[in-house]
1. Quote the FRET efficiency, to the nearest 0.05, computed for B:V113 versus B:L155 with a Förster distance R0 of 25 Å and r equal to the Cβ-Cβ distance.
2. To test your reading of the geometry: what angle, between 0 and 90 degrees and rounded to tens, separates the Cα axis of helix B:2-30 from the longest principal axis of chain B?
3. Would you mind checking the stretch A:398-438 for residues with the amide N under 20 Å from a putative spin-label position 7 Å along Cα→C-beta of A:E149?
4. List the relative contact order of chain B as a percent without decimals, with contacts defined as Cα pairs under 8 Å and 6+ residues apart.
5. What part of the accessible area of the stretch A:389-456, given as a whole %, is carbon or sulfur when the probe is 1.4 angstrom?
6. Can you tell me how much longer the chain between B:F221 and B:A51 gets when fully stretched, taken as 0.36 nm per residue apart minus their C-alpha distance, in nm with one decimal?
7. On a straight-distance basis, which lysines could pair with A:K177 in a cross-link, Cα separation under 27 angstrom, same-chain partners fewer than 8 positions away excluded?
8. Under the definition of Cα pairs under 8 Å and six or more residues apart, what whole-number percent is the relative contact order of chain A?
Amino acid sequence: MRHLKNLRLLSSSALLSAGIFAMGFSSVAMAGKATVALPSGELGATSYDPIRSSKLNTATSLIYDRLVEQDADQSFHPHLATSWTESPDGMSWTFKLRDGVKFHDGEVFNADTIASWIPDFKDTENAYLVAAIKSVEIVDPLTVKFVMERPEPNLLYNLASTFMGVPGQKSYDSLGKDYGVSTAIGTGPFKLSSFEIGLETVVTRNDDYAWASGLSVNQGAAHLESVTFREIPDQSTAFLELKTGGIDLLLGVPTDFLSILEAEKNVGVITMAGTGISYMPINTTAAPFDDIKVRQATALAINQKSILESVYKGVGSEANHFLIDTLPAGDVKKELLVSFDSAKANTLLDEAGWAMGDGGVRMKDGKPLQVTLFTKNDSDLKRLTQVVQAQLKDVGMDAVITVFDSSTIRDEYKKNAHQLAVRNYDWNNADILEWFFSGTRVGYPNVSMWTDEKSEMLKDTAMTKSTTSAERVANFKTYHEYILSQHLFAPLYQPAQNIAFNKDTVTVPEKVRGPRFRSQTFVDIDVVK
Amino acid sequence: MILKYSIQRLLMIIPVSLAISVVIFLIVHLLPGDPIDNLIRVGSSPEDRIALTAKYGLDQPLITQYFLWIGQIMTGDFGQAIVLRRPVADLIAQNLPYSLQLGGLAFLFSSIVGIILGTVAWASRNTWGEQLVKGFILLGSTVPGFWLALLMILLFAVNLGWFPVSGARDWTALVLPVLTIGFGGIALVARVTRVALLDVGKQDFITLLHAKGLSRTAILFKHLIPHALLPVVTILALRIGWILGGAVTVEFVFGRPGLGSLLIRALGQRDYPVVQGSLLMLALAVMIGTLIGDIAQAAMDPRIREATK
């Protein structure tokens, strides 16, 4: 794995020399066909079965529609469900379903579909998505009622997930475990035409499609006749494919590549808000970080602005708390936001008894302030980690970097062998706080090794005791603020999502609807006439 | 006689495979990491994690897990991938054709061109021709595959536009990866061929043949090459296993599926059944490759046949 990543680095530098080979674009998006390179995080999906898969890609969102869609601002919008109401106690949800919707095999979409679909999740890895639903009642052919086990204000988020794309029940039931490999039946704007694992997926237009969500401008069938999704692991190769016309759209362009892409006059680049952050968890059980002053000083030593400018050339945004900016639970009290304050960091370290030593490294009881800083080799994090190391050095902390592969590093966390680490996550929901700071997940994913009674109570309230969506936001905000007050991590950076396309072959809507570049936007893509 | 020899050798594969299966199982399971970490997602509960660990039998003692796995293998069942969520046999079957195509063609290409080049180098010894081939051999054995791959893409796909940059859609997409992998192979085969020809050429029976007045061409094709091919065949046989799994970096750059890529992906996610299944397949391929090489040698060399009588 390390070899592959080294290879990626080397190959990206080799890219710079690509400029010496001048070559015009050839148009491949002829006849309404477009080819798309999937982002690296989506490679390796082995099935288009949304219920049983552990990994799905963008093509899944084109095959299946969801009851609810999410926009880039994280708000929810009707799709196969035209409206919904939640009972005041949160114990039932009623969804009105869209009329006239048909699956790719002709099966009609209605309340029966939902009643048979929800129980299919039982005993699968994705069962947690519907765990709060006790039963589904059919009110009339186009109305269903979810009777809840407990209030679940996060239900709409789950329903908007790619894993909750609605499959055709006849096909799903008859194919069993083979469903999703050669056959995948949804109501989406494209039908699965062929799927070769690890190579490519071809989807063709669903000509009957007349039920796009309000997030798409085009309310009819997609403009494109077919889309080929290719799996290209090497970013340099993907770039050369875009350059030579082999692909029309490149999803998930690393920020490093932007300057090279922008230099190409026929390449258009769309930068949209990301769905995660990079951060540095602090192991609260490992000295000297068992001292809250040292933790706070460490967090304040990080210069987010400098990271954004020097590492990412201003693409993306600063991170000052644990959630992405578009989540309302991120709207915390100003005094709790974490941002660079070198003077305060130095004062706090002085107060904690760590006095500046001769070599620029602080000392206490004859011991230098030397700590470990873990990072992964299979990520773009290594450069970020080096900058963090230099920033910690500025306040007298000597951080020694150790690089691991992604599986080994988790074992190190579980063994409590770490002090600081540079990590990132990709998740657009406030429940990520529970994932990384819950006392029941200490080691991994709770890399901060945080256990605290008050924190657990706030977590339980946020996770399971909220009735309405507004209550859930308020509870998560309180939990988030408490986490921030304990200085369990340092926020580093909020990455952007970059998409590049061949301006000679396709037109892409300027405004991307949805947290990611998915079906809502794909139906609006057209070929250059 | 060759048949008896072949059967004996074939039977040997069984105990060797068993021993290898233990080694593979232990290496894979003793690596740090846990496949369940790659399966659970934000929102699932800690109880879900425990249930999943039990579902895939990962809470059982290692020895029990081994016997369950090897028991399955004995019945021809490679098991179910944990993270990749498909039967391991399906995953291998889907990737195998790509590996066979690429590895097989690169093998053929490098063997044929390598033997010819090695012979040319030998025939033109002490001339600039030999220096040229020796230079090529040096280049071929030292140039890293991924660098060559990028160079090939830049020249033949981006600049000249003769072949696609990547993919595995049709035969045109095979040319550059085959050339890239073949280049390193040619150097190896040419080197071994040249040295073998030099060795054989020094032997007394060749001198005798020259003394008897046989033409140089007849000596080369009837006597020298058949003798010199023996070590070449050994080297080639060892590379049969490499056909299947040795193209990881080239697969990565050219965006091709293959057993090597499957193995690397599964290893990164600690998808034990896939890693074990693929490694066992590769080990079997190496054993069978060696066997084919030995049988070919026995067929070509009467001394080996005699020794096994």
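1. So the FRET efficiency works out to roughly 0.85.
2. 40 degrees
3. What the label zone holds, given the 20 Å backbone N cut-off, is A:431-432, A:434-435.
4. 27 percent
5. 45 percent
6. Gain in length upon complete extension: 54.5 nm.
7. Those lysines meeting the cut-off are A:K55, A:K102, A:K122, A:K134, A:K191, B:K55.
8. The value is 21 percent.
The values are calculated or read from the model by the stated rules, or taken from the named source; none is laboratory data. For clarity, every value in this text was computed on a predicted model and none was experimentally measured. Every residue, glycine among them, receives a Cβ derived from its backbone with ideal geometry; neighbour counts consider all protein chains shown. Surface accessibility is based on the protein's heavy atoms, side chains included, excluding ligands, DNA and RNA. Shrake-Rupley method; radii C 1.70, N 1.55, O 1.52, S 1.80 Å.
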